[in-house]
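> Can you read through this structure? Questions will come right after.
The values are calculated or read from the model by the stated rules, or taken from the named source; none is laboratory data. The structure presented is a predicted model; accordingly, all values stated were derived computationally and were not measured. When we count neighbours, we look across all protein chains shown, and the Cβ atoms used for this are built from the backbone with ideal geometry, even at glycine. Keep in mind that these areas ignore ligands, DNA and RNA; they rest on the heavy atoms of the full protein, side chains included. Shrake-Rupley method; radii C 1.70, N 1.55, O 1.52, S 1.80 Å.
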2 protein chains.
Amino acid sequence: MYTIKEVASKMNISEHTLRFWAKSGFFPFIKRDSNNTRKFSENDLGWVKIVKCLRSVGTENKSIKKYIDLCIKGDSTIKERFEIIKSTKLKALQQMEELKKQLDLLEYKENYYQNLIKNNLNDNWNPINKIHESESLV
Amino acid sequence: MYTIKEVASKMNISEHTLRFWAKSGFFPFIKRDSNNTRKFSENDLGWVKIVKCLRSVGTENKSIKKYIDLCIKGDSTIKERFEIIKSTKLKALQQMEELKKQLDLLEYKENYYQNLIKNNLNDNWNPINKIHESESLV
DNA sequence: AAGTTGACTGATAGTTACTATCAAGTTGTA
DNA sequence: TACAACTTGATAGTAACTATCAGTCAACTT
């Protein structure tokens, strides 16, 4: 059993966010001790993990709640949950592609600047006009 | 020269966001026509591209503005810009790793559900307790 | 010529998902 | 007994959009 602080550091999520998620109904099974303190079980960590996963690929909280509710509803919703996971995976793959593109651009930029530095460019030009050119990336 | 609408569809960014970014000072070189309408040049598209890139890897708008201002300031800031791009690239690589992990989890989940469906599981159990178990992922 | 359509404008309000601040309660140690 | 270190919920604030609105202007239609 873990306190919210332990879960926060274990999962690299802020305590604030965990409380916010808890209040949003994302962790319906968490028990409290006699002091009303949340005690996360190993299973609860699983829930935190899937919520973190959905969140990190951009699923909005409303949809996460829906997924959680489907889970609670039981096996009759398995197919629906399967579809959600499939489309989420697709979305994540698209994000991966997008991220790769952005990484390419950053790499291009990195080389571009490195080259400027290496060749010790002197910079006596009008910033407004010239940067405009030199920064062109299209 | 492109209207904001054309840029929006070309770059897959909403007109709203483009105006918001423009107001934030991200595109300092955009010209207006006689009707006060923004006309994006090819170069301006380059700026949109780098802003989109920085934004999509989580750079906050305040920092993007700083980068833009460094660009405007000229070559004396090249080293600083180089460092920004380098650390942004690093951040993007970390995001890539994180995304891969989340994809693994989604794949696990996908298989898990597929298996349940394939084996035509009957589901006469208490949802609260049993899902709790079956969903465990840790 | 008058009217309608469509694209643009800035201003302002609303939304999402945190994120920070606060006062208050409990427990362990000096 | 005091105080430090945790927890709690409530509330306010923030970032970055996102939507709505009223208004301008040009081009086309009737």
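> In peptide B:52-65, how many Cβ atoms from other protein chains are near each Cβ within 10 Å, on average?
Per residue, the number of nearby Cβ atoms from other chains is 2 on average.
> I would also like to ask the following. Do the alpha carbons of any pairs in A:10/B:118; A:10/A:100; A:101/B:109 sit beyond 30 Å of each other, and which pairs? Show your work: numbers first, answer last.
Details: A:10/B:118 35 Å; A:10/A:100 28 Å; A:101/B:109 27 Å.
Violating the 30 Å limit, Cα to Cα: A:10/B:118.
> Could you tell me which chymotrypsin sites (Phe, Trp or Tyr not before Pro) in the stretch B:1-39 are loop residues by DSSP with no more than 10 other beta carbons within 10 angstrom of their beta carbon?
none
> Quantify how strongly other chains surround peptide B:95-106 by giving the mean number of their Cβ atoms within 10 Å of each of its Cβ atoms.
The per-residue average across the peptide is 6.
> In the stretch A:60-92, which GluC sites (Glu not before Pro) are in a loop and have at most 13 other Cβ atoms within 10 Å, using DSSP for the loop call? The partial results should precede the final answer.
Numbers: sites: A:60, A:80, A:83; in loops: A:60.
For GluC sites (Glu not before Pro) across the stretch A:60-92 that sit outside H, G, I, E and B with at most 13 neighbouring Cβ atoms in 10 Å, the list reads A:60.
> Could you derive backbone 3J(HN,Hα) for the stretch A:25-42 from the dihedral phi with the Karplus parameters 6.51, -1.76 and 1.60 (θ = phi - 60°), listing whole Hz in sequence and x where the residue is Gly or Pro?
x, 7, 10, x, 10, 5, 8, 10, 8, 5, 9, 6, 7, 5, 10, 7, 7, 4
> According to the square roots a ≥ b ≥ c of the eigenvalues of the Cα gyration tensor, what is the shape class of chain A, taking rounded for a/c under 1.5, prolate for a/b larger than b/c otherwise, and oblate for the remainder?
Working: a/c = 3.93, a/b = 2.21, b/c = 1.78.
Prolate shape, in that a/c is at least 1.5 and a/b is the bigger ratio.
> If you don't mind, another one. For residue A:108 and residue A:10, what does the FRET efficiency come to when R0 = 41 Å and r is the distance between their Cβ atoms, rounded to the nearest 0.05?
0.60
> From largest accessible area down, sort A:33, A:104, B:44; use a 1.4 Å probe on the protein chains.
Solvent-accessible surface, decreasing: A:104, A:33, B:44.
> Then there's this: Put +1 on the Cβ of every Lys and Arg and -1 on every Asp and Glu Cβ in chain B; which of B:87, B:27, B:64 then has its Cα farthest towards the positive end of the dipole?
Checking the options against the dipole of chain B, the answer is B:27.
> A further question on this structure: Using each residue's phi in the stretch A:82-92, evaluate 6.51 cos²θ - 1.76 cosθ + 1.60 at θ = phi - 60° and report the 3J(HN,Hα) Karplus result to the nearest Hz, with x for Gly and Pro.
4, 5, 4, 5, 4, 6, 5, 4, 4, 4, 5
> Here is a further query. Over chain A, what relative contact order in percent results from Cα pairs under 8 Å that are six or more residues apart?
Once divided by the residue count of chain A, the mean separation gives 16 percent.
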